[in-house]
Amino acid sequence: MAARMQIPFGNGSMPLEIAGRPVRVVSPRSTPADANTIPRSIASPLNFETFENFVSDKRKLLVVVNDHTRATPSQEVLKHLPLKGKDVTTIIAGGTHRQPNDEEIQRIIGGAIPPYGGKVATHESRNKNALKAMGKTSRGTELFFNKLVFDADGIVVIGSVEPHYFAGYTGGRKFLLPALAGYDSIIMNHSLAANESARVLALDGNPVHEDLMEALRKFDRFSNIFSIQLVLNDKHQVSFATAGDIVQSFTEAVKYAKHIYVPTVPKRADIVVTVNTPPLDIDLYQSQKAIDNVKLSVKEGGVIILVSTCREGIGDKNFYEMLTTGNEDLSTKSHQFGYHKAVKLRNLTMSTRIFTVTSLDPSVPRKIGLTPYQEAQSAFEDALKISGTDAEVLVVLDGGMTVPQPETE
């Protein structure tokens, strides 16, 4: 079928016309928002009696929420938590991400303070004074976590679950490592992502996921964690929630997330247009996910076209600087943050052409082997020159979270 469409670009859109050739458009499955799923899940938690029973004997509570780089509507959950009168700290857990500004904090928690009051903190992974050691995993990841998780005698975790390009899926166990971990701990864990088994949708045998789970189980307050996990629909609204035991709630959310975010396609395409949407279009570092998520749906020698504003530039520069070193062996950089992204992106460029439609200065993607464009149409027309006029085309909307799976594999 031919298609003339307006594809998302930041808060606006840009035109893309694909005429005279096969084209398939995929996106997260359209499911209705469910206004009752959050309170229903909290009222009937997995492997817990009730939320009220969980908090009844807790003196100090820590509520953990995602930062501004995630679409998780944490504020929708916070208003359902009966925590007024409790000693509560709400911490915004962002791993190595930059600190959120005041406007972003208010958007995350729904105002200047959460509906139940208390203090608000932000995690600083590089602040060693704010961290406490907790041994190391069998894979050698030295564990340092925010001291607040040790001070609390009850932890409420709010996360969202969708495919993740090397941890298999987001959410659940990731609240601790990397979200509340020290910078060095995160680097050690993320270095495992260079392993071929660390890939999107994979949990069994995935060294990153297994390292995260080991860290979680070593945490001596494991049984004092109440987890609330969300799955969002194609409009970033809550479609499913599950609560209670952190492992069980994560497992249930993964099942639903696969239903939402993993559309099947008949076979690999010659050209894949992957459209990244807010908030994952924040920078090139985050936008790499939208490239990696579609690599299994493009033919070898094909073209991936990334459409993403990258409105805050490159993001963490380590991975970018590694890619500017030509054919240097990246294994010597495994102790540096961003190594995992650099390895995955370089490996992909060896078999696939990657075009980028961003707001970056064209010299930025060009220096790391990506071909820059300002308009999606121009990028598509040039991709046709490589793949031929009979090229099969796949357009992936919300590419940071959508993982097309070819039926023939």
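The numbers here are math on the coordinates, done by the rules we state, and not lab data. Please read these numbers as outputs of a predicted model, since none were measured by experiment. Using ideal geometry, Cβ is built from the backbone for each residue, glycine included, and neighbour counts are taken over all protein chains shown.
Side notes on the structure shown:
- For the range 37-260, with +1 on Lys and Arg beta carbons and -1 on Asp and Glu, the positive-most of F54, A167, V231 along the dipole: F54
- Relative exposure of R24, R173, R98, judged by other C-beta atoms within 10 Å (fewest first): R98, R24, R173
- The H on the amide N of E312, modeled in the peptide plane, is under 5 Å from the matching H of D283, each at least 5 residues off or on a different chain.
- Alpha-carbon centroid distance for the pair the range 214-287 / the range 128-146, whole angstrom: 25
- Once C-alpha pairs closer than 8 Å and six or more residues apart are averaged by separation and normalised to the residue number of the chain, the relative contact order reads 20 percent.
- Straight-line cross-link reach from K267 at under 29 Å between alpha-carbon atoms covers these lysines, not counting any fewer than eight positions away in the same chain: K235, K255, K258, K289, K295, K299, K341, K344, K385.
- Summed over qualifying helices (DSSP H, 4 residues or more, each -39500 (n - 2.57)) and divided by its residue number, the chain shows a 222 nm mean residue ellipticity of -7500 deg cm²/dmol.
- Student exercise, the range 37-260 dipole from Lys, Arg, Asp, Glu Cβ charges, in Debye to nearest 20: 260
- Scanning the chain for long hydrophobic helices, with DSSP H runs required to stretch 20 angstrom or more by C-alpha along their axis and to average at least -1.0 on the Kyte-Doolittle scale, returns 246-261.
- Under the convention that each Lys and Arg Cβ holds +1 and each Asp and Glu Cβ holds -1, the size of the dipole of the chain around its Cα centre is about 420 debye.
- Amide H contacts of V395 (H built 1.01 Å from N, in plane; Pro and chain starts excluded): R24, V25, V26, V273 sit under 5 Å, all sequence-distant by 5 or more or on other chains.
- Cβ crowding within 10 Å averaged over residues, with 108-116, 295-303 ranked highest first: 295-303, 108-116
- Extended-chain gain in nm, criterion 0.36 nm per residue less alpha-carbon gap, D329 and S363: 9.9 nm
- Convex hull of the range 37-260 built on C-alpha atoms - directionally averaged projected area, nm²: 11.2
- The range 47-63 - phi-based ³J(HN,Hα) in whole Hz, Karplus 6.51/-1.76/1.60, Gly and Pro as x: 6, 10, 6, 8, 5, 4, 5, 4, 8, 4, 9, 8, 7, 10, 10, 10, 9
- Euclidean distance of C-alpha centroids, the range 7-38 and the range 377-400, integer Å: 16
- Sorting I282, I386 by the number of Cβ atoms found within 10 Å of their own Cβ, with the fewest placed first, yields I386, I282.
- Relative exposure of D281, D34, judged by other C-beta atoms within 10 Å (fewest first): D34, D281
- The three principal axes of the C-alpha atoms in the chain carry coordinate ranges of 68, 47, 39 Å, sorted with the longest axis first.
- Magnitude of the charge dipole for the range 214-272, about its Cα centre and with charges confined to Cβ atoms of Lys, Arg (+1) and Asp, Glu (-1), is about 140 debye.
- The H on the amide N of R199, modeled in the peptide plane, is under 5 Å from the matching H of G168, each at least 5 residues off or on a different chain.
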